[in-house]
Amino acid sequence: MYPKKRNLDGVYFRVERDGKWENVCFTDLSSEEVEKITADKPVEWWKGLALALSDAIRDIGYVCDVERSDR
């Protein structure tokens, strides 16, 4: 079973699911897909991913007017 596709982060990867190729956001990938995609990525790639994900989280916060609470 795959996570629900929400398309929140804008960092897409081409993955094969059920015999068909799809464009899937990083945060919508299964753990197995993440392992396969990231297995040999260099530090610079990880830095780029971290920056893209931080931008996406910030945008979600602005659009939804939410912030973290430490309750």
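Read-outs: derived from the displayed coordinates by stated rules, not from any lab. What you are looking at is a predicted structure, and each value in this text was computed from that prediction instead of being measured. Note that each Cβ is placed from the backbone with ideal geometry, even for glycine, and that neighbours are counted across all protein chains shown.
Fewest Cβ neighbours within 10 Å first, please rank 40, 9, 70, 55 accordingly.
So the residues, fewest neighbours to most, are 70, 40, 55, 9.
Rounded, prolate or oblate: which one fits region 12-64, using the alpha carbon gyration tensor with axes a ≥ b ≥ c (rounded when a/c is under 1.5, else prolate when a/b beats b/c, else oblate)? Walk me through the numbers before you get to the answer.
Numbers: a/c = 2.86, a/b = 1.35, b/c = 2.12.
It comes out oblate by the Cα gyration axes.
Grab the DSSP H runs of the chain that are 4 residues or longer, score each as -39,500 (n - 2.57), total them, divide by all residues and round the 222 nm result to the nearest 500 deg cm²/dmol.
-14000 deg cm²/dmol
Can you list the HN-Hα couplings for region 54-71, worked out from phi with the Karplus curve (6.51, -1.76, 1.60; θ = phi - 60°), rounded to whole Hz and with x for Gly and Pro?
Going residue by residue, I get 5, 4, 5, 5, 4, 4, 4, x, 5, 5, 8, 6, 10, 8, 6, 10, 9, 6 Hz, with x marking Gly and Pro.
Using modelled amide H (1.01 Å from N, peptide plane; none on Pro or chain starts), what sits under 5 Å from the amide H of residue 25, excluding residues fewer than 5 places away?
Long-range HN contacts for residue 25: 7, 13.
Calculate one ³J(HN,Hα) per residue across region 13-20 by plugging θ = phi - 60° into the Karplus curve 6.51 cos²θ - 1.76 cosθ + 1.60, and present them in order as whole Hz with x for glycine and proline.
In residue order, the calculated couplings are 10, 8, 10, 9, 10, 6, x, 10 Hz.
Assigning unit charges at the beta carbon (Lys, Arg +1; Asp, Glu -1) and nothing else, what dipole magnitude in debye, to the nearest 20, does the chain show about its Cα centre?
In debye, rounded to 20, the chain gives about 100.
Fully extended, how many nm does the chain gain between residue 44 and residue 66 (0.36 nm per residue separation, minus their Cα-Cα distance)?
Numbers: separation 22, 0.36 × 22 = 7.92 nm, distance 3.01 nm.
Here the answer is 4.9 nm.
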